Amino acid sequence: SLLYNRMKMYKSYLFIALFSLLSIGVNSCSAVRGSHGADGYQIIGKMSNLHLKQAYLDEISQSGFTSIDTVDIDDKGNFMFHGNVKEPLFCALRFNPNAPDEKRVFLVIDSNSKIKLEADYDHLEAYHVKGSKDCELIQELIRINLTMQEKIKSLDVKYAAYDPNNLPDSIAAAVRAE
């Protein structure tokens, strides 16, 4: 339906806006692999309802996703990434590379990041992150986006309930204009 298509369009715009804002403030670079000094970043995670054995950290840049690191997840859902970066990175944390619509957690890491992440894999969109204002802002933007999507779906249901031959004049005119 029209509202559903607009919802998908708004979701794309939000992601582009989020990426653009972070690109302005966060210069992309490559991680220095294999260097785990005391001054490096650290991401400590605890994931419930996760039956996968690895977590993947990818840098997001204008050219796409680039793998930074892969770590094992223990039987209790605990994992930890650590390393050094030259400049702040916009990253995606993922867990199932074979899923067609893979769930991701978006993070910003720098050389001093000490990030703690807790989530239920079945409800990954409701994750909790501490230790980084940038990551908390990303989380808030994602929650705003989810709220917007729910409202659009609600409007879509209401719109679908209308008889197209018996719409109020203002709605009928808007539909004809599309």
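Summary of computed values
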read-out: Selection from region 57-68 of residues that are touching a strand residue (DSSP E or B) at 6+ places or on another chain (Cβ under 7 Å) and open to solvent by less than 40 Å² (accessible area, probe 1.4 Å); value: Leu57, Asp58, Glu59, Ile60, Ile68
read-out: Filter pass, Gly64 being on the phi > 0 side of the Ramachandran plot and modelled with pLDDT under 90; value: yes
read-out: Number of the condition not met by Lys130 [criteria: (1) farther than 13 Å from Tyr56 by Cβ; (2) of a type in the set (D, E, K, R); (3) open to solvent by less than 40 Å² (accessible area, probe 1.4 Å)]; value: (3)
read-out: Tally of residues being more than 13 Å from Tyr121 (Cα to Cα), of a type in the set (Gly, Ala, Ser) and over 17 Å from the mean Cα position of the chain (by Cα) across region 41-84; value: 2
read-out: Val157 being open to solvent by 20 Å² or more (accessible area, probe 1.4 Å) and of a type in the set (Val, Ile, Thr); value: yes
read-out: Breaking point among (1) in contact with a strand residue (DSSP E or B) (Cβ under 7 Å, 6 or more places away or on another chain); (2) farther than 26 Å from Ser48 by Cα, for Leu155; value: (1)
read-out: Subset of region 93-116 (residues that are within 14 Å of the chain's Cα centre (by Cα) and open to solvent by 50 Å² or more (accessible area, probe 1.4 Å)); value: Asp101, Lys103, Arg104
read-out: Number of positions in region 70-97 that are within 17 Å of Asn112 (Cα to Cα) and assigned to a strand (DSSP E or B); value: 9
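Results for (1) within 15 Å of the chain's Cα centre (by Cα); (2) under 21 Å from Asn49 (Cβ atoms); (3) part of a helix (DSSP H, G or I); (4) aliphatic (A, V, I, L, M), shown as yes or no for each residue.
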{"site": "Glu118", "(1), (2), (3), (4)": "yes, yes, no, no"}
{"site": "Glu140", "(1), (2), (3), (4)": "yes, no, yes, no"}
{"site": "Ile144", "(1), (2), (3), (4)": "yes, no, yes, yes"}
{"site": "Glu150", "(1), (2), (3), (4)": "no, no, yes, no"}
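The values are calculated or read from the model by the stated rules, or taken from the named source; none is laboratory data. Model, not experiment: these values are computed from the prediction. For neighbour counting, all protein chains shown are included, and Cβ atoms are generated from backbone atoms with ideal geometry for every residue, glycine included. Remember, those area values only see protein heavy atoms, side chains included, never the ligands or the DNA or RNA. Shrake-Rupley method; radii C 1.70, N 1.55, O 1.52, S 1.80 Å.
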